[in-house]
1. Mind checking which aspartates and glutamates have their Cα closer than 18 Å to the Cα of residue 186? Skip sequence neighbours fewer than 8 apart in that chain.
2. What does the extension gain come out to for residue 182 and residue 59, with contour length at 0.36 nm per residue minus their alpha carbon separation?
3. Relative contact order of region 84-164, please, whole-number percent, based on alpha carbon pairs below 8 angstrom and at least 6 residues apart.
4. Using unit Cβ charges (K, R positive; D, E negative) and no other charged atoms, how large, in debye to the nearest 20, is the dipole of region 1-103 about its Cα centre?
5. Taking all protein chains as present, what is the carbon and sulfur share of the accessible area of the chain, in % to the nearest whole number, probe 1.4 Å?
6. In debye, nearest 20: dipole of region 74-218 around its Cα centre with unit charges on the Cβ of K, R (+) and D, E (-)?
7. Putting +1 on Lys and Arg Cβ atoms and -1 on Asp and Glu Cβ atoms, find which of 60, 107, 8 reaches farthest to the positive end of the dipole of the chain.
8. Of 18/143; 40/184; 143/184; 143/222, which sit over 29 Å apart, Cα to Cα?
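The values are calculated or read from the model by the stated rules, or taken from the named source; none is laboratory data. What you see is a predicted model; the values in this text were computed from it and never measured. Counting neighbours? That spans all protein chains shown, and the Cβs are built from the backbone with ideal geometry, glycine included. The accessibility values were calculated without ligands, DNA or RNA, using every heavy atom of the protein model including side chains. Shrake-Rupley method; radii C 1.70, N 1.55, O 1.52, S 1.80 Å.
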Amino acid sequence: MITLTDVWLTLGERQVLKEISLSVPAGETKVILGGSGSGKTTILRVILGLYRPDRGSLLIDGQDITATRERNLTEVRQRMAMVFQGAALFDSLTVRENVGYRLWEQGRLSDAMIEKSVRDSLQFVGLEYAIDKMPAELSGGMKKRVGIARALASGARIILYDEPTAGLDPINTCMISRLIQLLKSKGVTQVVVTHDLATAYRVADRIVMIHKGRMIFEGNPKELQSSADPDIRSFLEPDGQCFDSEAFAASEIGEP
Ligand SMILES: Nc1ncnc2c1ncn2[C@@H]1O[C@H](COP(=O)(O)OP(=O)(O)OP(=O)(O)O)[C@@H](O)[C@H]1O
Ligand SMILES: [Mg+2]
């Protein structure tokens with residue numbers, strides 16, 4: 001369970017998050033939608049404990065970690081895994097080493113147990129055959145799946161995704177959505193940041209929408225579709241705005 005309450009965050013001169021309150025119950029998949037620069041990645045970084053809010057609190061599984069010292073965050077962080085925007089694999093390591101990296105680093109399991117966990121995770125994403133390959137030999141979609149296998153192998157019960165389908169074709173996009181759905185059925189708590197509506201509708205139990213650092217919506221996909229809020233409508237149906245010169249000016253990297 002993840003609970004953010006009234007979180008405010010300034011980075012540099014910019015008020016990046018304003019009054020963010022959201023909670024993700026255990027086993028739920030929450031999608032965070034929003035345009036470029038709206039603050040989505042920043043929210044994931046707050047959840048991971050990488051940014052400390054100026055105000056407000058963050059609870060992971062009921063434990064308030066807002067003021068926890070860096071060195072005491074290790075145990076909480078081990079319950080979470082992040083699937084990064086560009087998959088973020090180590091180029092000089094094989095798929096096996098990439099997926100097992102965190103387990104080797106933790107040093108708690110035998111080599112045989114790590115190998116089993118790596119194989120099981122790769123099998124889950126349909127890539128057991130690629131275990132000895134190098135990242136450079138993989139397509140973008142395969143890399144993303146290796147990133148998911150790595151999160152799964154780490155044993156994390158909370159998985160955060162930053163744009164898991166960006167740059168993928170429709171079939172690979174659908175495949176990633178399917179994996180997120182399967183992980184949901186395994187009881188994993190998930191936060192999926194995306195601006196891809198098709199992915200959002202496929203995987204979300206509930207959706208949060210962020211606009212200029214503020215939450216402008218919280219609800220299920222149906223409620224989002226029927227919202228009359230103009231900022232939500234222009235996100236869902238951008239055609240009217242994308243050649244509008246005022247919108248061009250205002251979109252200068254998410255001016256607050
Ligand atoms: N370290 C930083 N210092 C100053 N400003 C930052 C920093 N990181 C992010 N920002 C600003 O915070 C805002 C939100 O950034 P964030 O990366 O969370 O957006 P996003 O919603 O993930 O966008 P995208 O969809 O493009 O990935 C942006 O205006 C960005 O310029
Ligand atoms: Mg981002």
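1. Qualifying aspartates and glutamates at Cα under 18 Å: 28, 61, 120, 205.
2. Stretched fully, the residue 182-residue 59 segment lengthens by 41.7 nm.
3. Relative contact order, region 84-164: 47 percent.
4. Rounded to the nearest 20 debye, it is 120 debye.
5. 53
6. 440
7. Highest projection toward the positive end goes to 107.
8. Checking Cα-Cα distances, 18/143; 143/222 exceed 29 Å.
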